[in-house]
Amino acid sequence: MKKTLLITGGAGFIGSHVVRRFVTRYPDYHIINLDKLTYAGNLENLIDIKDAANYTFAKGDICDAELLQKLFGKHNITGVVHLAAESHVDRSIAHPMEFIRTNIMGTVTLLNAAKSAWANDYSDKRLYHISTDEVYGALGSTGFFTEETRYNPHSPYSASKASSDHLVRAYHDTYGLPTVISNCSNNYGENHFPEKLIPLAINNIKNGKPIPVYGKGENVRDWLYVQDHAAAIDLIFHKGKIGETYNIGGHNEWRNIDLILLLCSLMDKKLGRPQGRSAEQITYVTDRAGHDLRYAIDASKIARELGWKPSVTFEQGLEKTVDWYLANDEWLQHVVSGDYEKYYQQMYDGR
Ligand SMILES: NC(=O)c1ccc[n+]([C@@H]2O[C@H](COP(=O)([O-])OP(=O)(O)OC[C@H]3O[C@@H](n4cnc5c(N)ncnc54)[C@H](O)[C@@H]3O)[C@@H](O)[C@H]2O)c1
């Protein structure tokens, strides 16, 4: 095999799409997926490629310096795509320390491991850090985040991601480590953990449960289909310039309430309900503390320099997502019941 890549957090939502894309598109790459399998890691996301000849799963923590040293020592890893993180804002408000540990300490442990394994021979090496638009803070009703927007994170999640971005840039500027960063807007799509807005709403609509909407539902997010994010990651990994940052977004802003109404209408159609029935389940709940009003990405740099743009409209992507959730009820029920956490034991214990 020509290249060995380490992908961290590959059992999570976005990571699983990235792992699948790299394993299937690049048969001459050996893909090592390092994941701690926290509550958010689900190997059932990768069931279709688990036996691929060019794929290896490694259960482990990015904060474990010894494990990283062993992985770099055993395999000739020349590229890293770093997605492992604690990613849920509400959890960061309740339990910030785990975010500091994984997102900041974990990232710097990974940077150290790559730096020491590559020992200043950086030819054909690359460490790609995946980040979020939430580092930029919130926008008013106009304007967009560009790559030059000042960092102004508001939640423990976004502050921990901002720190990790700074550390990645510092390792590039100080040690010359070949790094690249991207900051992406909200993702949606298949295999999204049902604590997040869209899959939670799909599940609750289906089961006749209340659909919780924060405040008055006026917060605006820029939504991107997860497979379009995976395609952008593929492009940046191969063609992005070392030391650069790329914003990735869908040019697709929706107020939460409008998104939920669109989803309700789509679900009414799919479930054969009269139009308007699912929307009756909408329930307004107390707003999240420090809830950023609006995020919107200016993705013109990646379009101009790398030729990337989203492949689907929101309506198309949302319909694909709904169809997937309706066809994969077993996956959803395993997540909701917690059974997915037993899958690792069944598949990997004793190996
Ligand atoms: N979801 C979004 O909308 C979005 C948008 C922009 C950027 N991002 C970023 O993309 C990345 C992936 O996000 P996601 O939504 O797929 O997250 P996720 O929570 O679904 O997945 C995270 C994965 O990381 C693993 N992990 C957590 N801590 C770990 C540790 N200490 N060591 C090894 N593995 C660990 C988990 O087990 C899980 O598989 C994150 O870095 C996130 O900040 C997400």
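Looking across the range 1-51, the residues that are closer than 12 Å to Tyr344 by Cβ and of a type in the set (Asp, Glu) come down to Asp35, Glu44. Scanning the range 172-205 for residues that are modelled with pLDDT of 95 or more, of a type in the set (D, E, K, R) and under 30 Å from Arg277 (Cα atoms) returns a single hit, Glu190. Checking each residue in the range 178-194 for being near the ligand (Cβ under 8 Å from one of its atoms) and of a type in the set (Asp, Glu) picks out no residue at all. Hey, does the range 22-33 have a residue that's within 29 Å of Tyr325 (Cβ to Cβ), open to solvent by 40 Å² or more (accessible area, probe 1.4 Å), among the basic types (Lys, Arg) and over 17 Å from the mean Cα position of the chain (by Cα)? Checked the range 22-33: at least one residue is within 29 Å of Tyr325 (Cβ to Cβ), open to solvent by 40 Å² or more (accessible area, probe 1.4 Å), among the basic types (Lys, Arg) and over 17 Å from the mean Cα position of the chain (by Cα).
Which of the strands (runs of 3 or more DSSP E) found entirely inside the range 195-250 contain at least 1 residues meeting this: within 22 Å of Lys270 (Cα to Cα), touching a residue at least 40 places away in the same chain (Cβ under 8 Å) and within 11 Å of the ligand (Cβ to nearest atom)?
Result: 220-225.
Criterion applied to Gly317, Gly290 was being touching a His at 6+ places or on another chain (Cβ under 7 Å) and either open to solvent by 50 Å² or more (accessible area, probe 1.4 Å) or part of a helix (DSSP H, G or I) (or both), and the one residue passing it is Gly290. Taken over the range 44-68, the residue count meeting the criterion of being near the ligand (Cβ under 9 Å from one of its atoms) and either of a type in the set (A, V, I, L, M, F, W, C) or at pLDDT below 95 (or both) is 2.
One residue stands out among those in the range 73-93 that are within 15 Å of the ligand (Cβ to nearest atom) and assigned to a helix (DSSP H, G or I): the one that is least open to solvent (accessible area, probe 1.4 Å), which is Ser92.
The values are calculated or read from the model by the stated rules, or taken from the named source; none is laboratory data. Treat the numbers as computed from the prediction; the structure is a model and nothing was measured. Here Cβ is always computed from backbone atoms with ideal geometry, including for glycine, and neighbour counts include all displayed protein chains. For accessibility, only protein heavy atoms count, side chains too; no ligands or nucleic acids. Shrake-Rupley method; radii C 1.70, N 1.55, O 1.52, S 1.80 Å.
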